[in-house]
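Here's a structure for you.
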Amino acid sequence: MLVVMQEGAAESHIQKVIDRLVSMGFIVHRSSGVLHTVLGGVGPVNDFDPIEFEVMAGVKECHRIVSPYKLASRHFRPGGTVIKIGDVEIGGSQVIVMAGPCSVENRDQIEQAAEAVAGDGAKVIRGGAFKPRSSPYSFQGLGEDGLRMLREAADRHGLLVVSEVMEQAQIPLLLNYADILQVGARNMQNYNLLRQLGEVRKPILLKRGISATIEELLLSAEYIMSGGNYDVMLCERGIRTFETSTRNTMDISAIPVVKSLSHLPIIADPSHGTGRRDKVLPMARAAVAAGADGLLIEVHHDPDRALSDGAQSLHPAQFTELMGQLRTIAKAVDRSI
């Protein structure tokens, strides 16, 4: 259920509503907006009358939330969520570009990537230190050494860091190096990992599973948020269909759908979404036009020799071209890059 307090409601009135919700068996999540405080009650309680709360002092309105995801629902924060990391805001008027190689290979490679993407306007560098590969014989990442190289290159060029966490035991290590922790498509329904990430206080980038519905994606976000971490951004990275022309099918329609259902920022990953370098630019352009709050782009100085996902990685010159195109598109939809 959702209780919206009146503008300027006294803290004592808010606390009385919270106490009432708790006494009924709800777990209460509080969201304070510009004008109104919203109290989200999550629990198995169904036999209550919203009027019980609407007559309480300081209450503006009370609603049942019928969707299975309560905290991720647009109703919880109608104005949308803006995730702030330093001077970077994800979910605001600026489309945030996160770019870099699929995986950290060596110091020179990640330094070149950081210099290139920062010079073209990216705010975040991406790079994997732990790589979940379909084949056990493929490159699996450099581990902590890779994270250290990534952090050092990011700091030299004024960038934030996003990197993937694969299991619970890796969380403390990632917290030392990354500003954003990424949950990959294969772990979208790793509920033990999601619950643990709900206890950390760094933003989480949650990728849509390979065959997941939008509702399943939002329910996975709910696992994180129910632990108290509301700084979750969703990522459309393509889904598996019967089509074989691309690595995955990039679901551009998921962007406006998520926008209507949830207050969480939505990021688009056209690199994994298509798996083809020549398709990344048009799908990135389409994602910004569709309302994406950010892009996750793979960039490598020598993609033909990349240790992972070279076929979908842009050359730095292509990334420069893309950023110029995106600035024009963003302006047309009242955004900026």
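Read the figures in this text as sums done on the coordinates, not as results from a lab. Because the structure is predicted, anything quoted here is derived from the model rather than measured. Here the Cβ is made from the backbone with ideal geometry for all residues, glycine too, and neighbour counts use every protein chain on show.
Please give the helix 277-290 orientation as an angle from the longest Cα principal axis of the chain, in degrees from 0 to 90, rounded to the nearest 10.
30
Next question, about the same structure. Counting only helical runs of four or more DSSP H residues, what would the 222 nm mean residue ellipticity of the chain come to if each run contributes -39,500 (n - 2.57) and the total is spread over all its residues?
Helix contribution divided over all residues of the chain: -10000 deg cm²/dmol.
What's the ranking of 268-280, 148-160 by average number of surrounding C-beta atoms within 10 Å, highest first? Mind showing how you got there, number by number?
Details: 268-280: 23.2, 148-160: 19.2.
Descending mean neighbour count gives 268-280, 148-160.
Could you work out the relative contact order of the range 155-298? I mean the mean sequence separation of Cα pairs under 8 Å and 6+ apart, divided by the number of residues, in percent.
Value for the range 155-298: 16 percent.
Right, here's the next one. So what are the ³J(HN,Hα) numbers for the range 170-180, from phi and the Karplus equation (6.51, -1.76, 1.60; θ = phi - 60°), rounded to whole Hz, Gly and Pro as x?
Rounded to whole hertz, the list is 8, 4, x, 5, 4, 4, 6, 10, 9, 8, 10.
Also, quick follow-up: What percent do you get for the relative contact order of the range 83-332 when only Cα pairs under 8 Å and 6+ apart count?
19
Report ³J(HN,Hα) in whole Hz for each residue of the range 143-155, in order, from the Karplus equation J = 6.51 cos²θ - 1.76 cosθ + 1.60 where θ = phi - 60°; Gly and Pro get x.
Using θ = phi - 60°, the values come out as x, 4, 4, x, 5, 5, 4, 4, 5, 5, 5, 4, 5 Hz.
Rounded to two decimals, what ratio of Rg to Rh does the range 162-277 give with C-alpha atoms and a Kirkwood Rh?
0.97
Still on this structure: Sorted from fewest to most neighbouring beta carbons within 10 Å, what does the list E164, E52, E236 look like?
E52, E164, E236
Which pairs in the list K16/K259; K70/K331; K60/K207; K60/K259; K70/K202 are over 31 Å apart, alpha-carbon to alpha-carbon?
K16/K259; K70/K331; K60/K207
Using the Cα centre as the reference, give the magnitude of the dipole from point charges on the C-beta atoms of the chain (Lys, Arg: +1; Asp, Glu: -1; all else neutral), rounded to the nearest 20 debye.
300
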